[in-house]
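Readers should treat all values here as calculations from the given coordinates under stated rules, not as data from a laboratory. Note that the coordinates shown come from a computational prediction; the quantities given were computed from them, not determined experimentally. In this analysis, Cβ positions are derived from the backbone assuming ideal geometry, glycine residues included, and neighbour counts consider all displayed protein chains.
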């Protein structure tokens, strides 16, 4: 086991106004430093480590700018805690439909410490992605400061907007490599009136992936399709969530069971029990306790997911109907498996990313599996247009800068 | 509308260029005679026209790659085109540019029910995707009104909307991956063939959608399929005032109901439609809402009841509810006939396309009415009320001196008012040439420069669809220098011109 050397604490800059943020960017340009962007700091372990020489702490940009429930829109400063946003929405019976996960605990941090800026920068999504998309499908507008120190805005506050390039899509999920976000406008939706979950026990990973896929082709509006399995691909637990108008839940459940046709044992959970079940899936709670193990995250066609996951051997959690799978692996296994696993993933049209691992290992193996030369070269040109001096999160996302 | 200056040296080389392009795409797929080029002179924005240099119809990605590389090397401009239904002039030709059409690339390459996606070529018509997957119980949800004609490539370029955006989102929420070709010949795959495939990379899939053909030529599109809802019902709600109808929109959504579609028509449209279809709508109805609900039967029935209760609480004057597919289609007929019906009562119609926050509906309607007096032109309103996307129709007579200019100025003022009320210049038709010179109303110089630099990363020579979207050329070399003067040049591999 490589123990990383204790690194000296980097200089932290914490702007509280947009002018201070602009100054911070100009200062870095002047003195040749660069920044790692943080806010809640819960996702510093996710992805390729930033090579920034100082820390740009954006948690000073906090608070709800406006929330108009009837308009289904909220505008918040980027450093606002998710817990604050969710409490405000909950009071009006609304939520962020993309079900943002709280990855704090799985990366060894506290719960409820994450901020909207991090969620948007990483384009996160929970199990409801199968029906409601990810952060980028809910982001309507963004404001921020790019690597040139320019204050910009993109998008707006309405769902229908095709005015100019959709820069909000580009920036969402860019891991802070193009700009430091200061404000985010999001679409919100009414919370479903009720929910219930069908849990099937005993399906192996391959059968489970088949069931997940089949369920999502049915007109019953499945809003979560996940499976916990792995470890020899033996028997696991497969979960299907139904949400919406309460009167519709039982008829949809009946239809789901009718169509899936399986011989496994089942049970149904409802209300808060169902909510807790999906919160655990969303936040990867099964992987939070053991911080030493590494986690692979694969994105692949559902037909290849089980094969990829089972080749690793550890405990696996399939989400998004089997298009996303997390698998536990040891440090040594990661080193020996990485190349072969990634070759397999590419052949399947997917990727195998090192989601959680010691910094040295992420640097060594590369957190994100590169996809193509042409894409990397275009990405580098885009990075250069936004941040020509490479001041913002250099190296994060694996893009040079 | 000023278009880029025509490069006569290119126009003079028409035949030479045609010969070289024929080597790539085949003899019959380069149209050079005036008679063959004439049908391509306009798109859906009929006020503008220009004969393209040549019309080039490639059959595959490799041919597009070779055509683009040739154009880059010879400095020939390129205007992409699907079916040419753009309402903002996105596919308006230029006299010194080839028109690169996708009509021959119209194959559905793969239907993958397990991952609920289909990989298709850009020339495939929107509606034919849903037809091809209907037997699987799946559909492609975005349904712009042009869906019987418009292509998926064009939908991607414009980020097309339609009546179901309120619940299901725009084109960009339904695409998981693209294959595109850059002017330099790079073939790039963004995202992939499943949900989540665009994660953990710059979301170029998202940024290319709605880029109006200025960044790259789309050669393949992976669309997301969803289960077709089992039950769909529509309520037709007639109100005695425009204000009451607007308030009802807010109440339905405020009560936690997201209809699949929520459409608004004012009395002028109702009258036009009625006279065309021979109907007699109740006299007291001044505004009509069409509210469509979909899902499982139990869900839809329960929501229909709730919407009806809400509408009654708002004093609805006339309610009709569909109980069968035939009744549903009949109720929709009026909305679908709206533009055609208006066309019968006016010489010319100018339809514009701004979006406002829903709650500002009464305010914008007042502004439009005032502008109507100012310009002395009649108007009618028909729009996607649920998401605040307006399509005011300005009635004018192009044969009358000054009317066309007045109609355009009227439209521009409506759009300015939309922006002032917190909305945007275009909800679904795009900027194209139509709203190009209004971009400064919504974006600062910095915002525009940032978007133009983004283009420079794809097309530094500005050969792809020039004269569209931005009021001024990108001038990539200058833009790149603007704030990095005096520093070492990073990324020396970027092509610089």
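Compute the angle between helix B:297-313 and the longest alpha-carbon principal axis of chain B, please, reported from 0 to 90 degrees and rounded to the nearest 10.
That works out to roughly 60 degrees.
Rank-order A:43-53, A:175-185 by packing density, defined as the average count of other C-beta atoms within 10 Å over each peptide's residues, highest first.
Result, highest mean first: A:175-185, A:43-53.
Less than 16 Å from a label point 7 Å out along the Cα-to-Cβ axis of residue A:258: which backbone N atoms in the range A:198-216 qualify, by residue?
A:215
Two decimals is fine: what is log10 I(q)/I(0) at q = 0.10, 0.14, 0.18 Å⁻¹ for the range B:66-153, from a Debye sum with one equal scatterer on every Cα and no solvent?
These q points yield log10 I(q)/I(0) values of -0.33, -0.59, -0.83.
Would you calculate, for the protein assembly as shown, the mean residue ellipticity at 222 nm contributed by helices, counting each DSSP H stretch of 4 or more residues as -39,500 (n - 2.57) and dividing by all residues, to the nearest 500?
Helices in the protein assembly as shown give a 222 nm mean residue ellipticity of -10000 deg cm²/dmol.
Count, for each residue of B:441-451, the Cβ atoms from other chains sitting within 10 Å of its Cβ, then give me the mean as a whole number.
For this peptide, the per-residue mean of nearby foreign Cβ atoms is 5.
How high is the relative contact order of the range B:1-140, in percent, counting Cα pairs under 8 Å that sit 6 or more residues apart?
It rounds to 21 percent for the range B:1-140.
Determine the distance separating the Cα centre of the range A:168-187 from the Cα centre of the range A:215-291; give it in Å without decimals.
Going from one Cα centre to the other spans 32 Å.
Mind checking the angle between helix A:18-31 and chain A's longest principal axis? C-alpha axes, 0 to 90 degrees, to the nearest 10.
The helix A:18-31 is inclined about 70 degrees to chain A.
Report D for the range B:280-435 in µm² per second (integer): Stokes-Einstein, Kirkwood Rh on Cα pairs, 4 °C, 1.567 mPa s.
For the chosen part, D equals 74 µm²/s.
Report the Rg/Rh value for the protein assembly as shown, based on alpha-carbon coordinates and the Kirkwood definition of Rh.
With Rh from the inverse mean 1/r over Cα pairs, Rg/Rh is 0.96.
Taking the Cβ-Cβ separation of residue A:250 and residue A:112 as r and a Förster radius of 30 Å, what is the calculated FRET efficiency to the nearest 0.05?
After rounding to 0.05, the efficiency reads 0.35.
For chain B, what D do you get in µm² per second when you plug the Kirkwood radius from alpha-carbon pairs into Stokes-Einstein at 4 °C and 1.567 mPa s?
Estimated diffusion coefficient is 54 µm²/s.
Please report the spacing between the Cα centers of the range B:85-158 and the range B:274-350 in Å, no decimals.
The range B:85-158 and the range B:274-350 have Cα centres separated by 28 Å.
To check my understanding: the extent here is largest minus smallest coordinate of the Cα atoms along each principal axis. What are those three numbers for the range B:108-227, in Å, largest first?
Taking max minus min along each principal axis of the Cα atoms, the range B:108-227 gives 40, 29, 25 Å.
Using R₀ = 60 Å, calculate the FRET efficiency as 1/(1 + (r/R₀)^6) where r is the Cβ-Cβ separation of residue B:283 and residue A:268; round to 0.05.
With a Förster radius of 60 Å, E is 0.65.
Once you average over the residues of B:42-54, how many Cβ atoms of partner chains fall within 10 Å of each Cβ?
The shielding value for this peptide is 0.
If you take the Cα Rg of the range B:231-340 and divide it by 2.2 N^0.38 Å, with N the number of residues, what do you get?
Against the empirical 2.2 N^0.38 Å value, I get 1.00 for the range B:231-340.
Between the helical axis of B:445-458 and the dominant principal axis of chain B, each derived from Cα atoms, what acute angle in degrees is found, rounded to the nearest 10?
Roughly 60 degrees between the two axes.
Can you work out the base-10 log of I(q)/I(0) for the range B:8-101 at q = 0.11, 0.21, 0.22, 0.25 1/Å, using the Debye formula on its C-alpha atoms alone?
Here log10 of I(q) over I(0) equals -0.27, -1.00, -1.09, -1.35.
Cα centroids of the range A:369-401 and the range A:332-354: how far apart, whole angstrom?
What the calculation gives is 22 Å, centre to centre.
If neighbour count is taken as other Cβ atoms inside 10 Å, put B:49, B:146, A:272 in order from fewest to most.
Ascending Cβ contact count within 10 Å gives the list A:272, B:49, B:146.
May I ask you to derive the FRET efficiency for residue B:110 and residue A:206 from their Cβ-Cβ distance with R0 = 25 Å, giving the value to the nearest 0.05?
Working from the Cβ atoms, E equals 0.70.
Compute the normalised compactness of chain A: alpha-carbon radius of gyration over 2.2 N^0.38 Å, N being the residue count.
Dividing the Cα Rg of chain A by 2.2 N^0.38 Å gives 0.99.
For B:135, A:109, which order do you get if you count the other beta carbons within 10 Å of each Cβ and list the fewest first?
B:135, A:109
Over chain B, what relative contact order in percent results from Cα pairs under 8 Å that are six or more residues apart?
Here the relative contact order equals 13 percent.
Just grab the label-to-label distance for residue A:288 and residue B:347, each label 7 Å out from Cα along the Cβ direction, in nm (one decimal).
7.1
Using Cα pairs closer than 8 Å and at least 6 residues apart in sequence, work out the relative contact order for the range B:359-484, in percent.
17
Taking the highest mean first, how do the peptides B:286-299, B:406-419 order by number of other beta carbon atoms within 10 angstrom per residue?
Ranked from most to least packed, the peptides come out as B:286-299, B:406-419.
Of B:139, B:248, A:209, how do they rank once you tally other Cβ atoms within 10 Å and put the fewest first?
Arranged by neighbour count, lowest to highest, B:139, B:248, A:209 become B:139, B:248, A:209.
Divide the volume of the convex hull of the Cα atoms of the range B:380-439 by its number of residues and quote the answer in cubic angstrom per residue.
In the range B:380-439, the Cα hull volume divided by residue count equals 88 Å³.
Inverting the mean 1/r over all pairs of different Cα atoms, compute the Kirkwood radius of the range A:63-183 and quote it in Å.
This gives a value of 14.8 Å.
Could you order peptides A:12-19, A:80-87, B:256-263 by the average number of other Cβ atoms within 10 Å of their residues, highest first?
Descending mean neighbour count gives B:256-263, A:80-87, A:12-19.
Mind checking A:139-147 for the average number of partner chain beta-carbons within 10 Å of each residue's beta-carbon?
Going residue by residue through A:139-147 and averaging, the value is 1.
Ignoring solvent entirely, what values of log10 I(q)/I(0) come out of the Debye formula for the range B:133-192 at 0.19, 0.27 Å⁻¹ when each Cα is a single scatterer?
-0.80, -1.16
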